[in-house]
1. With θ set to phi - 60°, apply the Karplus curve 6.51 cos²θ - 1.76 cosθ + 1.60 along the stretch 71-78 and write out the HN-Hα couplings as whole Hz, x wherever there is a Gly or Pro.
2. Amide H to amide H under 5 Å from residue 15: which residues, 5+ apart in sequence or cross-chain, H placed 1.01 Å off N in plane?
3. Take every Cα pair under 8 Å in the stretch 11-120 that's 6+ residues apart, average their separations, divide by the length, and report that relative contact order as a whole percent.
4. Just to be sure I understand: if I project the alpha-carbon convex hull of the stretch 56-114 onto a plane and average over all orientations, what area do I get in nm²?
5. For q values of 0.20 Å⁻¹, compute log₁₀ I(q)/I(0) with the Debye formula on a Cα-only model of the chain, without solvent.
6. Give me the extension gain from residue 24 to residue 5: residue separation times 0.36 nm, minus the current Cα-Cα distance, reported in nm with one decimal.
7. Remind me, relative contact order of the stretch 70-120 in percent, using alpha carbon pairs under 8 angstrom and six or more residues apart?
8. Amide H to amide H under 5 Å from residue 87: which residues, 5+ apart in sequence or cross-chain, H placed 1.01 Å off N in plane?
Amino acid sequence: MFFKTIVNWYKIFSSEEEAKNRILLNKAISMNVGGKKICIANTKEGLFAIQEKCPHNGFPLSNGTCTDDIAIVCPVHRYRFDLKTGRAKSGLGDAGYVYPIEIRQNGVYLGIETTKFSLF
């Protein structure tokens with residue numbers, strides 16, 4: 001196979017406690033990670049990451065709020081996106097790209113997939 005997908009892991013917080021202190025419950029912040037703007041949300045089920053721009057109209061999702069059903073609400077048109085899958089829960093059939101988050105002993109990490117070309 002000529003293309004290989006790998007996940008690059010970036011440390012975004014030194015601990016889960018730091019993350020939850022910086023991001024209030026049911027709120028989100030925007031972060032630049034690996035050259036991408038990403039929305040990091042803190043919910044009752046933990047931390048989630050989704051693309052920063054709303055798939056519907058490009059507004060910052062980090063300015064929205066999270067719901068009890070683990071979705072983020074766009075602050076402009078009130079469209080809701082599932083933070084686990086990225087799929088729209090309301091509005092059109094748009095979907096956002098979600099990123100994996102891992103809580104490790106030495107910090108909180110966010111994974112970004114990249115595809116590399118290789119002959120071998």
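1. Result, rounded to whole Hz: 10, 10, 9, 5, x, 9, 9, 6.
2. So residue 15 has HN proximity to 108.
3. Details: 228 pairs, mean separation 26.3, N = 110.
Averaging sequence separation for qualifying contacts and normalising by length gives 24 percent for the stretch 11-120.
4. Working: hull surface 20.3 nm².
Convex hull of Cα atoms, orientation-averaged projection: 5.1 nm².
5. Treating every Cα as an identical point scatterer, log10 I(q)/I(0) equals -1.04.
6. Numbers: separation 19, 0.36 × 19 = 6.84 nm, distance 3.34 nm.
Value of the extension gain: 3.5 nm.
7. Working: 61 pairs, mean separation 9.7, N = 51.
Value for the stretch 70-120: 19 percent.
8. Hits under the 5 Å cutoff: 82, 96.
FYI, it's all coordinate maths here, none of it is from the lab. Because the structure is a prediction, the values reported are computed rather than measured. Every residue, glycine among them, receives a Cβ derived from its backbone with ideal geometry; neighbour counts consider all protein chains shown.
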